[in-house]
Amino acid sequence: MADLSHRTEISFAETFICSAFAACFAELCTIPLDTAKVRLQLQKRSVSGEESGGGGAKYKGLLGTIATIAKEEGLLALWKGIIPGLHRQFIYGGLRISLYVPVKAFCAGGNILGEVSLFQKIVAALITGAIAITMANPTDLVKVRLQAEGKLPAGAPRRYTGALNAYHTIIKEEGVVALWTGLGPNIARNAIINAAELASYDQVKQSVLKIPGFTDNIFTHLLAGLGAGFFAVLIGSPVDVVKSRMMGDSIYKSTFDCIIKTLNVEGALAFYKGFLPNFGRLGSWNVIMFLTLEQVKKLFIWEV
């Protein structure tokens, strides 16, 4: 019988459970930042100043946006969309991470013990990110729709009473296929961000461990998590803005139409709107998620 007290690897199912738990925990901790990010991205600059009655932008900065939402809608509004957010992370977070190791091994020609190049890591993460978000797109759509409802005027009727009602309403009014609205930019966004997160975390952690004195501990995981978050935001912000607008509004005919209209009305910098809250969100999210993941995995690796 195998000596389980000396296990160094865990199964795909165990990795999925660990990944899903870590992703959901990180989502619960950081969704207020995500809500602020979505509001900032959906806030469009208008020449006529219509958006806020000619008085300028309603939301200003990360802390200002959080304060405005809490003041006008209540503190719990910052966690609006948490249910579909947890649905999303359970599916997307669980799949993208648990699939990464076997797909990376496949990209490396099955040589899991040898050195895996950064390019092979990026390709593996692109593939797993695309597969995972294709499965989780309906949950992402509902989360963005619920978060976007907060920008409606006070007293305006809400389309959805909750996550399950949103799924039902979208299917009833728009059809089942509508649950995959924005799939194109969502695949682009999540495949790219997944590649930036997983490949950079993998690479930074591997590089740090080569430095004398560094070991596979919490500090190393912290550094790698921050690196993963920074690269994810730097590379993924433009597609993230397009994805949020495609899902939050119905005025765009296609991804290309969204890009062109955004460029014409707001300029290229609009694609980095909400950059700081996005980094605050993804930076903290990655640190929490990877720290949690590394610790939870130990429960399986050292089980007896």
Given [x] 111; [y] 121; [z] 154 as possible values of volume of the Cα convex hull per residue in Å³, the one from the coordinates is [z]
Net charge of Cβ neighbours under 12 Å - reference residue 224; Lys, Arg +1; Asp, Glu -1: -3
Probe radius 1.4 Å, ligands and nucleic acids left out: which of 40, 263 has the largest accessible area, and how do the rest follow? 263, 40
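Could you give the accessible area per residue of the chain, probe 1.4 Å, as a whole number in Å²?
Numbers: 14450 Å² over 304 residues.
On a per-residue basis, 48 Å².
Exposed loop GluC sites (Glu not before Pro) only (DSSP loop, at most 15 other Cβ atoms within 10 Å): please give the longest stretch of the chain free of them, not including the sites. Each step should come with its number before you reach the end.
Values: sites that count: 9, 115, 303.
With a cap of 15 other Cβ atoms within 10 Å, the longest stretch comes to 116-302.
Percent of accessible area on the chain owned by carbon and sulfur, 1.4 Å probe? Provide the component values of the computation, followed by the final result.
Working: 10230 of 14450 Å².
Accessible surface attributable to carbon and sulfur in the chain totals 71 percent.
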For 276, 223, write out the residues from largest to smallest accessible area, computed with a 1.4 angstrom probe and no ligands counted. 276, 223
Which residue fluctuates the most in the chain, going by a Gaussian network model with Cα springs under 10 Å, if the choices are 103, 38, 241? 103
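Among residues other than residue 207 whose Cβ falls under 15 Å from its Cβ, what is the net charge (Lys/Arg +1, Asp/Glu -1)?
Around residue 207, the charge tally is 0.
The values are calculated or read from the model by the stated rules, or taken from the named source; none is laboratory data. These numbers were taken from a predicted model, which means no experiment stands behind them. No Cβ is skipped: glycine too gets one built from the backbone with ideal geometry, and neighbour counts run over all protein chains shown. Just so you know, the surface numbers come from the protein's heavy atoms only, side chains and all, with ligands and any DNA or RNA stripped out. Shrake-Rupley method; radii C 1.70, N 1.55, O 1.52, S 1.80 Å.
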